[in-house]
Amino acid sequence: MPLPRSTPVDLLLDATLPDGRRADVHLRQGRITALTAPAPTAPPVGGRAVDLGGALLLPALVDGHVHLDKTFLGAPWQPHLPGSTIRERVAAERRLRREIGVPVVERASALAELLITQGTGHARSHVDIDPDVGLDGLHALLEVRERFRDRLSLQLVAFPQGGVVTAPGVPDLLDQALRAGADLIGGLDPEGFDGDPDGQLDVVFGLAERHGVGVDLHLHDPGESGAAQLRAVAARTAALGLDGRVTVSHAYCLGELDDHGFGSTAQALAGAGVSIMTNGPAGPMPPVLRLREHGVRVFAGSDNIRDAWWPYGNGDMLERAGTIGLRDDLATGAAAGALGLTGYGLSVGDRADLVAVAAAGVPEAVAAHPTRLLVLHAGRVVHAADQL
Ligand SMILES: [Zn+2]
């Protein structure tokens, strides 16, 4: 019998910590209150103690970039429509979106449930804001955020999937989205999509300043064009004092630069405190270790899961970390830092948002697709495997 959902847990016996130590982890009122050496004999087990039997315990995984409103999960399988440019794909998605017939709340909830079973406790979702859907997607995801508030913490980025300055009325819609509850302002290829880098960045950073919110931009633009936009984002971030609150998602161009171009761009990003999100694509991608050597925070996200852009995906952030580079902190500490999460970790006082996985250590966890044995949010069970 799996542990029933929302059971409060106040003791995790015999956990393996990421540094290899074994410990009993004491929890109270949604926080970690103590880490003690495993007791030689297990204390009496009531309904609120769980013996992990040496399983690896991690802070809940962080999915730093998803699109909950786009997924087809919860609806019948949709054939994938190809498109060779971003504009063609946006148009194909609009067609599918009209035909799908299953409301966003239902599809997004199906994906949120999947993320939880994968051990994800925190996610940042972009939500389309365009002249076609207006704020409908945002209202749906605000409802989903409320529905899942005890199981998954969710940040929402107002994402102009159809462009900013080339899409009529979008700057105003983005402004309304931030007033309605979006947490961050997004953007999309200021040069490649809008053909007006300064124009789009003026709107995006203007809204960030006016509403006091962070920024998370999609940037697929290649080579020197992409790099110039990264440096422009860094300059605007520094000018507005947004250190640590700005992310550029994808930034494929960082994988295409010569040493000089890479060095100056990485230095600008690090100096301004701009983070980079990658999902580990097959093509050019940001070189994670080189960026970190320059002091740039790099973290991970799933991006598209079973939607018009990408028919694959399962929301498994350990698998994602393995794909990108066998580094668990892409989906834990670095991602938590980029999302501004507080009380995140495995120290006394941290939030009891935790995942126990059937692995003996971190390398095995990112390489071996281990079972998620137990997932806690604020100290309560949100997912438990049958074998516990
Ligand atoms: Zn995305």
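For Leu330, are the conditions met, namely being in a loop (DSSP other than H, G, I, E, B) and among the aliphatic types (A, V, I, L, M)? When the stated conditions are applied, Leu330 does not pass them. Does Ile276 satisfy the criteria of being touching a residue at least 12 places away in the same chain (Cβ under 8 Å), within 14 Å of the ligand (Cβ to nearest atom), over 19 Å from Pro222 (Cβ atoms) and not in a helix (DSSP H, G or I)? No; evaluated as a whole, the condition is false for this residue. The strands (runs of 3 or more DSSP E) falling completely within segment 55-139 that include 2 or more residues that are buried (at least 20 other Cβ atoms within 10 Å of the Cβ), within 16 Å of the ligand (Cβ to nearest atom) and touching a residue at least 60 places away in the same chain (Cβ under 8 Å) map to 61-66, 120-128. Restricting Ala182, Ala234 to residues that are among the hydrophobic types (A, V, I, L, M, F, W, C), more than 25 Å from Met285 (Cα to Cα) and at pLDDT 95 or above narrows the list to Ala182. Please work out which one of (1) small (Gly, Ala, Ser); (2) out of contact with any helix residue (DSSP H, G or I) (no Cβ under 6 Å at 6 or more places or on another chain); (3) not assigned by TED's automatic domain parsing to the domain that holds Pro370 is the condition Ala108 fails and give its number. Failed condition: (2).
Looking only at residues in segment 288-313 that are away from the ligand (no atom under 15 Å from the Cβ) and without any contact (Cβ under 8 Å) to a residue 24 or more places away in the chain, which one is nearest to Pro76 (Cα to Cα)? Top of the filtered list is Arg292. Of all residues assigned to segment 341-348, none qualifies as being away from the ligand (no atom under 16 Å from the Cβ), in contact with a helix residue (DSSP H, G or I) (Cβ under 7 Å, 6 or more places away or on another chain), not charged (D, E, K, R) and not in a loop (DSSP other than H, G, I, E, B). Evaluating Thr371 against the criteria (1) modelled with pLDDT of 95 or more; (2) hydroxyl-bearing (Ser, Thr, Tyr); (3) over 16 Å from the mean Cα position of the chain (by Cα); (4) farther than 30 Å from Arg28 by Cα leaves one unmet condition, (4).
The values are calculated or read from the model by the stated rules, or taken from the named source; none is laboratory data. In this text, all values refer to a predicted model and were calculated from it rather than measured experimentally. Ideal geometry is used to build each Cβ from the backbone, glycine not excepted, and the neighbour counts take in all protein chains shown.
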